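Novice: The structure under discussion is supplied below as structure tokens; questions concerning it will follow.
The values are calculated or read from the model by the stated rules, or taken from the named source; none is laboratory data. Just so it is clear, the structure is predicted and the values come from calculations on it, not from any experiment. Here the Cβ is made from the backbone with ideal geometry for all residues, glycine too, and neighbour counts use every protein chain on show. Ligands, DNA and RNA are excluded from the accessible area calculation, which covers all protein heavy atoms including side chains. Shrake-Rupley method; radii C 1.70, N 1.55, O 1.52, S 1.80 Å.
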Amino acid sequence: LEASFSVIQKEEGDFNGLITVLHDVTEQEKIEQERREFVANVSHELRTPLTSMKSYLEALEDGALHDPTIAPKFLNVAQTETERMIRLVNDLLQLSKMDSKDYRLNFDTIDVTKLVNSIIDRYELVSDSEKLAFIRNIEDQTTFATVDRDKLIQVLDNIFSNAVKYSPEGGEIRISLEESEKHFSISVSDEGVGIPEESLPQVFDRFYRVDKARSRKLGGTGLGLAIAKQIILAHGGSISVDSEWNVGTTIMLTLPYSAEKVVV
Ligand code: ADP
């Protein structure tokens with residue numbers, strides 16, 4: 001707490017009163033501290049791929065360019081790192097848009113069952129069925145809800161891509177859609193590496209990863225779940241994680257049927 005005092009005096013010098021102003025500097029300091037940490041994180045996240053690209057480009061310039069086996073590999077690394085940086089910058093732009101005061105969702109009434117099924121179809125199409133199985137625990141029904149369609153797709157994409165990234169070969173990914181009176185829930189369970197218990201409260205924090213090196217190698221930005229949480233909260237919903245190290249992870253989200261009426 002910070003206090004400032006002003007003495008009120010009449011012209012002839014009589015002491016008239018005292019004004020005391022109290023500021024809550026702890027809250028301000030916390031925001032400032034978080035901002036500094038965020039900028040440091042962003043700088044670090046960008047410097048890592050840039051440094052790696054620089055050394056690969058230098059090696060190419062020093063002769064690797066003329067080696068027909070090495071050159072394509074080095075160019076491939078540079079390309080992968082560039083793609084990850086683009087993803088990172090897009091994620092950052094998305095977060096910064098959502099942080100702004102006049103951020104609005106675009107509501108539409110859609111059939112959520114259809115949407116979830118179409119996303120699973122898409123993942124099934126690009127993944128090898130021998131290596132990964134998608135199991136639907138979804139009734140043949142329509143589930144009308146008023147949500148921001150594109151944003152909900154983004155949330156599910158972030159959760160699905162994590163389940164795929166952290167799953168072992170031959171793993172199963174189970175998707176459930178359940179309805180209750182006022183809400184519907186979607187859960188995605190995998191049989192992957194899992195998350196240690198002490199890390200669970202932090203997985204929705206910006207840039208938090210259980211294993212930084214592995215996440216980077218798999219193309220992660222450390223922002224996927226933070227973005228998912230922010231979108232779900234803006235819909236008046238909730239998101240939670242349940243996981244056991246080396247056993248698997250479940251991410252569950254619960255949303256009201258009509259997010260439009262929710263004032264956050
Ligand atoms: P990333 O881009 O690193 O995947 P996220 O914000 O999506 O970032 O997730 C944060 C961290 O939470 C991940 O780095 C990983 O450690 C952990 N995590 C998220 N989903 C899973 C999952 N399905 N299985 C195991 N770990 C997960």
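Novice: Collect the residues in the range 181-191 that are modelled with pLDDT of 95 or more and out of contact with any Lys or Arg (no Cβ under 7 Å at 6 or more places or on another chain), keeping them in residue-number order.
Specialist: Answer for the range 181-191, where residues must be modelled with pLDDT of 95 or more and out of contact with any Lys or Arg (no Cβ under 7 Å at 6 or more places or on another chain): 183, 184, 185, 186, 187, 188, 190, 191.
Novice: Of the residues that sit in the range 188-228 and are under 24 Å from residue 172 (Cα atoms) and of a type in the set (D, E, K, R), which one is farthest from the ligand (Cβ to nearest atom)?
Specialist: Checked the range 188-228; the qualifying residue farthest from the ligand (Cβ to nearest atom) is 197.
Novice: Which of the numbered conditions does residue 185 fail, given that it passes all the others? Conditions: (1) more than 7 Å from the ligand (Cβ to nearest atom); (2) farther than 20 Å from residue 115 by Cβ.
Specialist: Failing condition for residue 185: (2).
Novice: Can you work out which of the residues in the range 157-169 that are open to solvent by 50 Å² or more (accessible area, probe 1.4 Å) and in a loop (DSSP other than H, G, I, E, B) is farthest from the ligand (Cβ to nearest atom)?
Specialist: Looking at the filtered set, the residue picked out is 169.
Novice: Look at residue 225 and say whether it is assigned to a helix (DSSP H, G or I), surrounded by fewer than 17 Cβ atoms within 10 Å (Cβ to Cβ) and of a type in the set (A, V, I, L, M, F, W, C).
Specialist: No.
Novice: Mind listing just one residue for me: the one in the range 127-145 that is of a type in the set (Ser, Thr, Tyr) and surrounded by fewer than 19 Cβ atoms within 10 Å (Cβ to Cβ) and, of those, farthest from the ligand (Cβ to nearest atom)? Break it down stepwise before answering.
Specialist: Start the filter on the range 127-145 by keeping residues that are of a type in the set (Ser, Thr, Tyr), which leaves 127, 129, 142-143.
In the following step, the residues that additionally are surrounded by fewer than 19 Cβ atoms within 10 Å (Cβ to Cβ) were identified as 127, 129, 142.
Values: 127: 15, 129: 20, 142: 28 Å.
For the range 127-145, the residue satisfying everything is 142.
Novice: Now a separate question. Scan the range 184-204 residue by residue and report those that are farther than 15 Å from residue 251 by Cβ and open to solvent by 70 Å² or more (accessible area, probe 1.4 Å).
Specialist: Result: 197, 198.
Novice: Taking the conditions exactly as written (in contact with a His (Cβ under 8 Å, 6 or more places away or on another chain) and open to solvent by less than 70 Å² (accessible area, probe 1.4 Å)), does residue 237 satisfy them or not?
Specialist: When the stated conditions are applied, residue 237 passes them.
Novice: Sticking with this structure for a sec: Could you please let me know if residue 154 is surrounded by fewer than 15 Cβ atoms within 10 Å (Cβ to Cβ) and at pLDDT 95 or above?
Specialist: Working: surrounded by fewer than 15 Cβ atoms within 10 Å (Cβ to Cβ): no; at pLDDT 95 or above: yes.
It is false that residue 154 is surrounded by fewer than 15 Cβ atoms within 10 Å (Cβ to Cβ) and at pLDDT 95 or above.
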